[in-house]
1. Work out the length of the dipole vector of the chain about its Cα centre, built from +1 on the beta-carbon of each Lys and Arg and -1 on the beta-carbon of each Asp and Glu, and round it to the nearest 20 debye.
2. Give me the percent of accessible area attributable to carbon and sulfur for the chain, probe 1.4 angstrom.
3. To one decimal place, what Kirkwood hydrodynamic radius in Å is obtained for the chain from all pairs of distinct Cα atoms?
4. Kindly sort LYS3, LYS62 by accessible area of their heavy atoms, largest first, with the probe set to 1.4 Å.
5. Subtract the Cα-Cα distance of LEU64 and VAL47 from 0.36 nm times their separation in residues, and report this length gain in nm to one decimal.
6. If contacts are Cα pairs under 8 angstrom and at least 6 residues apart, what is the relative contact order of the chain in percent?
7. Helix 2-27: angle to the longest alpha-carbon principal axis of the chain, degrees 0 to 90, nearest 10?
8. Using only DSSP helix segments of four residues or longer, with each worth -39500 (n - 2.57), what per-residue ellipticity at 222 nm results for the chain after dividing by its residue count and rounding to 500?
Amino acid sequence: MEKEFSEKQEKLDEINKELRALVESAEQGYAPAHYNLGYMYTNGLGVSKSYSKSYIHLLIAKSLGTEIEG
């Protein structure tokens with residue numbers, strides 16, 4: 001059971017590391033990172049669902065030139 005917990009913790013640590021890298025890319029103005037964060041917040045993937053945060057990231061992505069359908 002301890003091994004299972006350790007493996008899950010390692011996976012969570014990796015997800016958090018990747019999420020931090022995505023946020024850093026967005027902070028540097030990388031439009032696809034904003035788009036991906038918007039998608040994640042819309043669907044609650046790795047983050048708590050937040051339509052307001054999703055909207056902000058998608059709006060920034062669009063203003064930076066990402067083509068968003070819909």
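The values are calculated or read from the model by the stated rules, or taken from the named source; none is laboratory data. Note that the coordinates shown come from a computational prediction; the quantities given were computed from them, not determined experimentally. No Cβ is skipped: glycine too gets one built from the backbone with ideal geometry, and neighbour counts run over all protein chains shown. Each accessible area value is taken on the protein alone, full model and side chains, heavy atoms only, with ligands, DNA and RNA left out. Shrake-Rupley method; radii C 1.70, N 1.55, O 1.52, S 1.80 Å.
1. Dipole of the chain, to the nearest 20 debye: 260 debye.
2. The computed percentage sits at 54.
3. 12.9
4. LYS3, LYS62
5. This chain segment gains 3.8 nm when fully extended.
6. About 25 percent, as a whole number.
7. Its long axis makes an angle of about 20 degrees.
8. Only helices count here, giving -25000 deg cm²/dmol.
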